[in-house]
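> Questions regarding the structure given below will be posed in turn.
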Amino acid sequence: MAGFVAPVVAALPERVTPDLLALEARWASLAAYGITAALLADVLPIDGAVNASTIRNDALRVAERLEAELGPEQAMFASGCQAEWNKMPIPGPPVTIGIDGGYVRSWTDRPTNFEVIVGKSVPEEGPIRRFGFVAGHDDKPKRRLHELLVSQGIAMNQEVTFMSDGACNLRDLQYYMRPNAEHVLDYFHITMRITVLQQMADSDEAGRGFRSITGHPFRFHSGRDSDLKPATFGHHLGRC
């Protein structure tokens, strides 16, 4: 009809209120789509209007909108210089960020798998934040981590400690995020590798090629006994 104006339709093109979309996206990130639909039907007067397919489609639309709002990817997010950082207000307490990766295998096609990178940012004050993405498919991984730091109010002159197992993709993700960042090798992963070496040494009947590293749980071996030195965890990964 000519001249017909529908302000509600213009404001809500998806025909779903923002509050309901927020609930669907939040709960769908914590539980299965079917469970989310059942929970919403219990607490809201929507009956069968929302099902698992509806939840999935709405959650995907919200995710696509959030992805579109992300800025461009950059190789470096640390900005400014020492003179500028010195003029900034006194920063908040240090923040620790743990990052790790793991493989998810397809249930129906067992040889198929993909790597997922997940992390948790733990400030001394304030809420804990988490992030994750699929390695090789996400084209803005550093931007995603940067936005998480910004959302937590982490200043450019604030101390940040990154903990990881030193994998190449994890190192690249951490580089140039904050000028006062310290990159730490997670001792848990180091001891895992040392345990494997110990098992290899114990299983070598002739004793050739391996030397028992009992008593050196946190040492690296460079090839000569005299070169056994304590592992330094505080060094930047670029100098490891």
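The values are calculated or read from the model by the stated rules, or taken from the named source; none is laboratory data. This is a predicted model, so every value here is computed, not measured. So basically every Cβ, Gly included, is an ideal-geometry build from the backbone, and we count neighbours across all protein chains shown. For the accessible areas, the whole protein counts, side chains as well, though only heavy atoms, and no ligand, DNA or RNA atoms are used. Shrake-Rupley method; radii C 1.70, N 1.55, O 1.52, S 1.80 Å.
> Is it true that some residue in segment 120-133 is in a loop (DSSP other than H, G, I, E, B) and open to solvent by less than 60 Å² (accessible area, probe 1.4 Å)? Explain how you work it out, then say what you get.
Pass one, segment 120-133, residues in a loop (DSSP other than H, G, I, E, B): 124-128.
Checking the rest, the ones that are also open to solvent by less than 60 Å² (accessible area, probe 1.4 Å) come to 126.
For segment 120-133, residues in a loop (DSSP other than H, G, I, E, B) and open to solvent by less than 60 Å² (accessible area, probe 1.4 Å): present.
> Related question: Please identify the pairs in which a residue from segment 59-88 that is free of Cβ contacts under 8 Å to residues at least 40 places away in the same chain has its Cβ atom under 9 Å from the Cβ atom of a residue that is in a helix (DSSP H, G or I) and not hydrophobic (A, V, I, L, M, F, W, C), counting only partners at least 6 apart or on another chain.
Ala59/Glu24; Ala59/Tyr33; Ala59/Thr36
> Within segment 28-39, is even one residue outside any helix (DSSP H, G or I), small (Gly, Ala, Ser), open to solvent by less than 70 Å² (accessible area, probe 1.4 Å) and touching a His at 6+ places or on another chain (Cβ under 9 Å)? Show your work before the answer.
Narrowing segment 28-39 to residues outside any helix (DSSP H, G or I): 29-32.
Subset that is small (Gly, Ala, Ser): 29, 31-32.
Checking which are open to solvent by less than 70 Å² (accessible area, probe 1.4 Å) leaves us with 31-32.
Within this subset, residues satisfying the condition of being touching a His at 6+ places or on another chain (Cβ under 9 Å) are none.
No, there is no match, as no residue in segment 28-39 is outside any helix (DSSP H, G or I), small (Gly, Ala, Ser), open to solvent by less than 70 Å² (accessible area, probe 1.4 Å) and touching a His at 6+ places or on another chain (Cβ under 9 Å).
> Can I ask one more? Are any residues in segment 139-154 assigned to a loop (DSSP other than H, G, I, E, B) and either basic (Lys, Arg) or touching a helix residue (DSSP H, G or I) at 6+ places or on another chain (Cβ under 7 Å) (or both), and if so, which ones? Don't jump to the end; show me each part of the working.
As a first pass, look at segment 139-154 and keep what is assigned to a loop (DSSP other than H, G, I, E, B): 139-140, 152-154.
Across segment 139-154, the qualifying residue is only Lys140.
> Of everything in segment 65-93, what is open to solvent by 50 Å² or more (accessible area, probe 1.4 Å) and within 25 Å of Gly132 (Cβ to Cβ)? Give them in sequence order.
Arg65, Leu66, Glu67, Ala68, Glu69, Pro72, Glu73, Gln74, Ala75, Met76 - these are the residues of segment 65-93 that are open to solvent by 50 Å² or more (accessible area, probe 1.4 Å) and within 25 Å of Gly132 (Cβ to Cβ).
> Quick one: how many residues across segment 114-155 are within 11 Å of Ile97 (Cα to Cα) and without any contact (Cβ under 8 Å) to a residue 12 or more places away in the chain?
Of the residues in segment 114-155, 1 are within 11 Å of Ile97 (Cα to Cα) and without any contact (Cβ under 8 Å) to a residue 12 or more places away in the chain.
> Quick check on my filter: what residues within segment 72-129 are under 27 Å from Tyr187 (Cα atoms), in contact with a helix residue (DSSP H, G or I) (Cβ under 9 Å, 6 or more places away or on another chain) and among the small types (Gly, Ala, Ser)?
Gly101, Gly119, Ser121
> Could you list all residues from segment 109-158 that are touching a Pro at 6+ places or on another chain (Cβ under 9 Å) and farther than 30 Å from Cys81 by Cα?
Ile117, Phe133, Ala135, listed by residue number.
> Test Asp100 against the criterion of being under 20 Å from the mean Cα position of the chain (by Cα), outside any loop (DSSP other than H, G, I, E, B) and either charged (D, E, K, R) or within 25 Å of Arg143 (Cβ to Cβ) (or both), and give yes or no. Give the steps one after another, and end with the answer.
Numbers: under 20 Å from the mean Cα position of the chain (by Cα): yes; outside any loop (DSSP other than H, G, I, E, B): yes; either charged (D, E, K, R) or within 25 Å of Arg143 (Cβ to Cβ) (or both): yes.
Yes; evaluated as a whole, the condition is true for this residue.
> Follow-up question, since we're still on this one. Does Val104 satisfy the criteria of being over 23 Å from Leu30 (Cβ atoms) and open to solvent by 60 Å² or more (accessible area, probe 1.4 Å)?
Numbers: over 23 Å from Leu30 (Cβ atoms): no; open to solvent by 60 Å² or more (accessible area, probe 1.4 Å): yes.
It is false that Val104 is over 23 Å from Leu30 (Cβ atoms) and open to solvent by 60 Å² or more (accessible area, probe 1.4 Å).
> Going through segment 156-173 one residue at a time, which ones are within 14 Å of Thr96 (Cα to Cα), in a loop (DSSP other than H, G, I, E, B) and not polar (S, T, N, Q)?
Going residue by residue through segment 156-173, those that are within 14 Å of Thr96 (Cα to Cα) are 158-164.
This time we only want the ones that are in a loop (DSSP other than H, G, I, E, B), so: 158-159.
Across segment 156-173, the qualifying residue is only Glu159.
> Could you tell me whether any residue of segment 81-98 is under 23 Å from Asp172 (Cα atoms), in contact with a strand residue (DSSP E or B) (Cβ under 6 Å, 6 or more places away or on another chain) and not β-branched (Val, Ile, Thr)?
Yes; the residues of segment 81-98 include at least one that is under 23 Å from Asp172 (Cα atoms), in contact with a strand residue (DSSP E or B) (Cβ under 6 Å, 6 or more places away or on another chain) and not β-branched (Val, Ile, Thr).
> Among the residues of segment 179-222, which ones are under 29 Å from Gly101 (Cα atoms) and modelled with pLDDT under 50?
Ile213, Thr214, His216, Pro217, Phe218, Arg219, Phe220, His221, Ser222
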